[in-house]
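Step one of this worksheet: look at the structure below.
Derivation of every value follows stated rules applied to the coordinates shown; laboratory data play no part. Note that the structure is predicted; figures quoted are calculated from it, not measured. With ideal geometry, Cβ positions are generated from the backbone for all residues, glycine too; neighbour counts draw on all protein chains shown.
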Amino acid sequence: MKGIWKNSEVKELFEVVENYKEKNKSLKLAFISHAQKYGRKPNSVRNYYYHEVDNLKEDGTRLEKLGINLSLHSKTNVAYFSPEEEKALMKEVDDMVQKGISVRKACLTLSGGDISQMLRYQNKYRNYLAKNKKNQQNIDKNDKLEKPDNVITFKRMGKTLSDSEVQSLFMGLVRLVKRNALEESEEAYKARLTQANESLRKAIAKLSTSQRDNDKLKEELSKVKNENSRLVNLNLQLRCDRAEKLRQKLEEKE
């Protein structure tokens, strides 16, 4: 059962904690690692560990049986920061980070090399950043809800408009509508004129093409006529030559 801790598992948990401490890793990761292996919840593993540290202090026989070096395991008493201490710490870390130093190295320097204290400073600084980020997001959200600069707020009138004021307002709206209609008409006229010019250009281009085709046909027709005239003259010449030869043969026979 998950609720029952065997001695082998207890010993392994303490060994995992010692290993993570030796490598300067967070104990939270040690509890998560053990919980994943045995199907437990990380918080349950954490609570059992600190409870067992207290129990083993009072039970030397079981401590010897498990072979655990209790000097490597101790409960951490949480010391809370005062507002002044927190403000001073955040400023020191911020100053070092702005100089290009990593958060981890800055916290390690301020802790004097104490890994536990370094992790405490580092977690505090990260919480500080997350809190400031959330506050900034709320400020940005409120800024977006404010009225834009280009919105003009009109004062509420203490009385209703008079007839003359209503008439002036109405005439102003009429002039505005007429001006918009005129502008739209001009745009429509320009569009139709552009379309007509385009159609005329295409017609002229087509006519020019047709005229060139007609000129070419006339030239070809002229060539055909000239060739036909040449052939007629040639045929006539051939007939004359034959007639002359025939006359000469008749004269020879006489």
The whole-number value in µm²/s of the Stokes-Einstein translational diffusion coefficient for segment 7-72, with Rh from the Kirkwood sum over alpha carbon pairs at 25 °C and 0.890 mPa s, is 204
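Can you sort 59, 215 so the residue with the fewest Cβ neighbours within 10 Å comes first?
Working: 59 13, 215 10.
By the 10 Å Cβ count, ascending, the order reads 215, 59.
In what sequence, highest mean first, do 40-47, 198-205, 125-132, 246-253 appear when ranked by Cβ atoms within 10 angstrom? Spell out each step's value before the answer.
On the way: 40-47: 15.4, 198-205: 10.0, 125-132: 13.2, 246-253: 7.9.
For the peptides 40-47, 198-205, 125-132, 246-253, the packing ranking is 40-47, 125-132, 198-205, 246-253.
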For 109, 194, ascending order of other Cβ atoms within 10 Å (fewest first) is 194, 109
XL table 65/124; 57/105; 37/65; Cα-Cα > 27 Å flagged, in table order, is 65/124; 57/105
